[in-house]
1. Work the Kirkwood hydrodynamic radius out for the chain: mean of 1/r over every pair of different alpha-carbon atoms, inverted, in Å.
2. Treat every Asp and Glu Cβ in region 2-189 as -1 and every Lys and Arg Cβ as +1, leave all other atoms uncharged, and give the resulting dipole magnitude about the Cα centre to the nearest 20 debye.
3. Nearest-5 percent of antiparallel DSSP beta bridges in region 35-192?
4. Counting only chymotrypsin sites (Phe, Trp or Tyr not before Pro) that are in a DSSP loop and have at most 16 other C-beta atoms within 10 Å, tell me the longest site-free stretch of the chain.
5. Exposed loop trypsin sites (Lys or Arg not before Pro) only (DSSP loop, at most 13 other Cβ atoms within 10 Å): please give the longest stretch of the chain free of them, not including the sites.
6. Does region 1-57 come out rounded, prolate or oblate, given a ≥ b ≥ c as the square roots of the eigenvalues of its C-alpha gyration tensor, rounded meaning a/c under 1.5 and, failing that, prolate meaning a/b above b/c?
7. Just subtract the alpha-carbon distance of Arg11 and Lys26 from 0.36 nm times their residue separation and send over the number in nm, one decimal.
8. Pulled fully out, how much extra length does the chain show between Glu67 and His51, if you take 0.36 nm times their separation in residues and subtract their Cα-Cα distance?
Amino acid sequence: MYTVILNGSPRKNGDTIKLLNMIIPKINGDCKIINTFFLNVSPCIDCRKCHTSDSCSINDNMPAFLEDLKSADNIIISSPLHYSMLSGNLLSFFSRFQYLFVSKNIRKDPNFDMKRKRGYLILTGGGATKDFSPAEKISRLILRELNASLDRVLKYTDTDKFPLKDFDYFEEEKKLFIYNEIEKFTSKINTL
Ligand SMILES: Cc1cc2nc3c(=O)[nH]c(=O)nc-3n(C[C@H](O)[C@H](O)[C@H](O)COP(=O)(O)O)c2cc1C
């Protein structure tokens, strides 16, 4: 089983990566994390070259990332909540999935091949706006381009009061709650 995690947190030691570090060892098989904030990948400029040709006008590493994503069994989108949405750099990265949409639906490429996958979402938030539904809705849409469903969402909603860097000092009850959420999340992934 191969799982690719697309992490959009700009904080190298932030809450999202702390949560991922607790989750990754519990996922069976191979796991790769792609930190989209630190990539040199440009957003789609809607030049429409891909409407008529099997290539993208932007010359960067995105084709290799797409090949990797295509081969995965599981895709995990992982992001801090920014204004109830996925982080901007993740949305920028995902804009390049337009190439996939166009290949399948506009150019109707007979060689277009996208195996069925399972999709997951991890969100952390700690602001006043506790509405995670816009990020969830858009993740479902994005995963569809990779032929993935959204099978389970893990939300950690109070990083303002309980930042995960302080996990070791949390009360036992809080720790157990988090372990439990992680267990439910990873056992769903591991049922493949
Ligand atoms: C620009 C911005 C917008 C944010 N918007 C929200 C929000 O709408 N709701 C929320 O609960 N937290 C919001 N937050 C707080 C972050 O989601 C929270 O601190 C998160 O856990 C940080 O994760 P990280 O350390 O991995 O970056 C926002 C933070 C930033 C920087």
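1. 17.4
2. Computed charge dipole of region 2-189: roughly 520 debye.
3. Taking every DSSP beta bridge with both residues in region 35-192, the antiparallel ones total about 5 percent.
4. 1-82
5. No qualifying site falls inside 49-107, the longest such stretch.
6. oblate
7. 3.2 nm
8. So the chain would gain 3.8 nm between Glu67 and His51.
Laboratory data are not the source of any read-out in this text; all were calculated from the coordinates shown. The structure presented is a predicted model; accordingly, all values stated were derived computationally and were not measured. Ideal geometry is used to build each Cβ from the backbone, glycine not excepted, and the neighbour counts take in all protein chains shown.
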